[in-house]
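The values are calculated or read from the model by the stated rules, or taken from the named source; none is laboratory data. The shown structure was predicted, so the numbers you read here are calculated from the model rather than taken from an experiment. When we count neighbours, we look across all protein chains shown, and the Cβ atoms used for this are built from the backbone with ideal geometry, even at glycine. Calculation scope for accessible area: heavy atoms of the full protein, side chains included, ligands and nucleic acids excluded. Shrake-Rupley method; radii C 1.70, N 1.55, O 1.52, S 1.80 Å.
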Amino acid sequence: MAYASVADYRSRVGILTGVDDVTLQAQLDAVSAYLDRRLGRSFGLEAQATPRYFGGTGSVLWIDDCGVSPQAVEADLDGDGTYELTVPLSAVLLEPANALARGWPVTRLVLRSGNGVLAAWPSQPQSVRVTARWGWPVVPGPIREATVVIVRQLRDLGLGGVLQAVTQLDAAVQRSDVLPGLIRDLVREYGRVVWVP
């Protein structure tokens, strides 16, 4: 999913002659995929809820970016591959607090003290199954703007063809005076921090 539309690009940059919408869309798609790779996360929101598997540490369960409240949380307590315990959402806190209201994803589920269901998350790999729509609730404005800026900068440098080859974008970005600093700022603000217990 592109983080900026062709209409976003054209309204921000102006009407371009000699650039068809199909080519421009492919370039926006490529830059969006490049940002996913550089930032370690996807800013789109999956259309359907799907299960993903995690292992916990004490009361904290770190999860992938979750763009809406999870639909189901289930635990495999004895490691047999059967998720026999359904953890009610009332037993967990979605954190960071108020993330979804601010347009940021939930990244961890914290068991409420005295929840009456589970004292600690099972720590074995894949012992907790969370079904949710993964990604971000909305594409952040700076990510949308950066998508447009990167496409424009690389097109201005005459590197429009490179935009369709994600593997060549790193080298192309380095040819710009502006883009390396922009990418560093985006990594600092939006880059995924991987937590290791």
Residue match in the stretch 139-158 (condition: part of a loop (DSSP other than H, G, I, E, B), under 24 Å from the mean Cα position of the chain (by Cα) and at pLDDT 90 or above): yes
Test Arg102 against the criterion of being without any contact (Cβ under 8 Å) to a residue 24 or more places away in the chain, open to solvent by 40 Å² or more (accessible area, probe 1.4 Å) and touching a helix residue (DSSP H, G or I) at 6+ places or on another chain (Cβ under 7 Å), and give yes or no. no
Run Ser11 past the list (1) open to solvent by less than 60 Å² (accessible area, probe 1.4 Å); (2) of a type in the set (Ser, Thr, Tyr); (3) in a helix (DSSP H, G or I) and report the number of the one that doesn't hold. (1)
Being surrounded by fewer than 20 Cβ atoms within 10 Å (Cβ to Cβ) and not in a loop (DSSP other than H, G, I, E, B) is the filter here; which residues of the stretch 109-135 pass it? Val110, Arg129, Thr131
Hey, any hits in the stretch 1-8 for a residue that's part of a loop (DSSP other than H, G, I, E, B), within 30 Å of Asp156 (Cβ to Cβ) and without any contact (Cβ under 8 Å) to a residue 60 or more places away in the chain? yes
Given the criteria surrounded by fewer than 17 Cβ atoms within 10 Å (Cβ to Cβ) and either among the hydrophobic types (A, V, I, L, M, F, W, C) or without any contact (Cβ under 8 Å) to a residue 40 or more places away in the chain (or both), does Ala75 qualify? no
Would you say Val151 is touching a helix residue (DSSP H, G or I) at 6+ places or on another chain (Cβ under 7 Å), open to solvent by less than 50 Å² (accessible area, probe 1.4 Å) and at negative phi? yes
Test: residue in the stretch 23-41 that is assigned to a loop (DSSP other than H, G, I, E, B), over 20 Å from Gly158 (Cβ atoms) and either hydrophobic (A, V, I, L, M, F, W, C) or in contact (Cβ under 8 Å) with a residue 12 or more places away in the chain (or both): yes
